[in-house]
1. Which of A:Ile68, A:Ile105, A:Ile40 ends up with the largest GNM mean-square fluctuation for chain A, with Cα atoms connected below 10 Å?
2. Going by a ≥ b ≥ c, the root eigenvalues of the Cα gyration tensor, does region A:88-132 fall in the rounded group (a/c under 1.5), the prolate group (a/b larger than b/c) or the oblate group?
3. Search the structure for amide H atoms under 5 Å from the amide H of B:Gly146, placed 1.01 Å from N in the peptide plane, and list their residues when 5 or more places away or on another chain.
4. Which whole-Hz couplings ³J(HN,Hα) result when phi for each residue of region B:149-160 is put into the Karplus expression 6.51 cos²θ - 1.76 cosθ + 1.60, θ = phi - 60°, listed in order with x for Gly and Pro?
5. Residue by residue, what Karplus-based ³J(HN,Hα) values in Hz, rounded to whole numbers, does region A:116-133 have, using 6.51, -1.76 and 1.60 with θ = phi - 60° and x for Gly and Pro?
6. Pick out which of A:Leu94, A:Leu19, A:Leu57 has the largest mean-square fluctuation in a Gaussian network model of chain A, springs linking Cα atoms closer than 10 Å.
7. Over region B:3-174, what is the percentage of antiparallel beta bridges among all DSSP beta bridges, to the nearest 5?
8. Going by the alpha-carbon gyration tensor, a ≥ b ≥ c the square roots of its eigenvalues, is region B:1-90 rounded (a/c under 1.5) or, if a/c is not under 1.5, prolate (a/b greater than b/c) versus oblate?
Amino acid sequence: MEIEASNILEKLNSTVSLLERTVAFLEQREALMSGDVQKIVAAVEQSGEGSLREAELERKLAAAEQQIAQLSAQASKAAAPARKTLPAVTTQLLAKGGITSLESIEAGALDAALTGLSLEQRIAVKAQLIRAGALA
Amino acid sequence: MRLEALAVTLPEVAGHPNRVPFEGVLTLVDEPSNRPPSGARGHRVILTREAAIAALPSLLGMAVDYAPGWDGHDARRKCGIITHADVEGNRIEVSGYLFGKDFPEVEEKLRRGDAGSMGMSYELADAHVADLNAAVWSLTRATFTGAAILLREKAAYKSTSFRLCAKRCRTTGIAGSAKPERKAAERQGRTSGRNNWQMQTGKETRWR
């Protein structure tokens with residue numbers, strides 16, 4: 001009997017607590033819906049919670065942008081093909097054809113320089129040039 | 001031009017050392033603020049003309065204050081009083097006195113600062129917003145509880161202004177650098193020697 005009464009009391013307490021919360025919520029909601037605002041100041045918010053949060057977000061954004069820039073720089077360095085040297089024979093062969101610099105090889109000039117070679121040799125030279133990063 | 005005006009007429013005191021007349025544009029009516037004011041939960045606001053006119057009496061006798069950084073309000077630093085308010089066109093124009101003797105540093109700053117750099121900001125209480133879900137809040141009722149002198153760039157309305165008048169107060173009621181219309185008003189409505197207030201509503205021209 002006592003246990004039963006205790007259970008009922010406990011349930012009643014929790015119900016009252018729930019009702020109190022509901023009333024508080026409804027009061028808050030009513031105030032919001034009524035359109036009444038206690039105070040408005042026509043100055044831009046300086047040190048409120050909103051601006052602090054904004055400042056923190058701006059700081060985080062700046063840090064993230066810096067990190068992205070660093071990672072992008074690293075990635076572009078890694079992605080850049082390491083230029084390799086060509087075998088001496090190939091260099092000589094190209095020099096005979098008038099190609100002395102690997103910086104800017106024109107397709108027409110390369111084909112002209114390689115005309116004396118067999119198809120397999122031309123493929124091999126071009127493959128070496130691609131590996132060296134002189135041809136895309 | 002439609003005009004609503006209210007003024008508190010103070011007794012004339014020649015060469016009063018603590019009265020430095022000022023005038024300014026407090027805010028605009030029927031126009032949205034340039035930025036969200038503090039307390040408006042991120043919304044820009046429009047003070048309706050009707051609300052502004054209804055609230056004019058609450059503005060008279062309220063203080064102007066300042067913050068040390070000239071970037072907001074500090075209701076505990078009251079350095080002057082508003083004695084006159086008009087709704088002229090879409091502007092609420094105010095004038096009054098700065099307590100120059102009590103706040104010499106404020107007077108000095110305002111006199112030496114860049115012309116046109118200072119503005120004003122109102123402080124409202126018990127405001128009613130027509131629709132809280134609207135992007136721009138329309139204020140249909142409010143009570144003025146004060147105003148601040150601040151950098152114009154810190155004001156929610158960029159078109160506000162504040163300036164000290166050239167001379168010490170030598171007239172009653174309205175600030176010393178009275179415009180011609182104001183002088184006419186004083187001639188017509190002068191009640192020197194006693195505190196009172198006057199109201200002119202819905203006039204086509206000022207104090208005709």
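Taken together, the values in this text are just the output of simple stated rules run on the coordinates, not laboratory data. Computed from a predicted model, the values in this text were never measured in an experiment. When we count neighbours, we look across all protein chains shown, and the Cβ atoms used for this are built from the backbone with ideal geometry, even at glycine.
1. For chain A, modelled as a Gaussian network with Cα springs under 10 Å, the answer is A:Ile40.
2. Rounded.
3. Counting only residues 5 or more places away or on other chains, the set is B:Glu123.
4. After applying 6.51 cos²θ - 1.76 cosθ + 1.60, I find 9, 7, 5, 4, 5, 8, 8, 5, 10, 7, 8, 7 Hz.
5. My calculation for region A:116-133 gives x, 9, 6, 4, 5, 5, 5, 5, 5, 5, 5, 5, 5, 5, 5, 4, 6, x Hz in order.
6. A:Leu19
7. Antiparallel bridges make up about 85 percent of those DSSP assigns within region B:3-174.
8. In terms of gyration-tensor shape, oblate.
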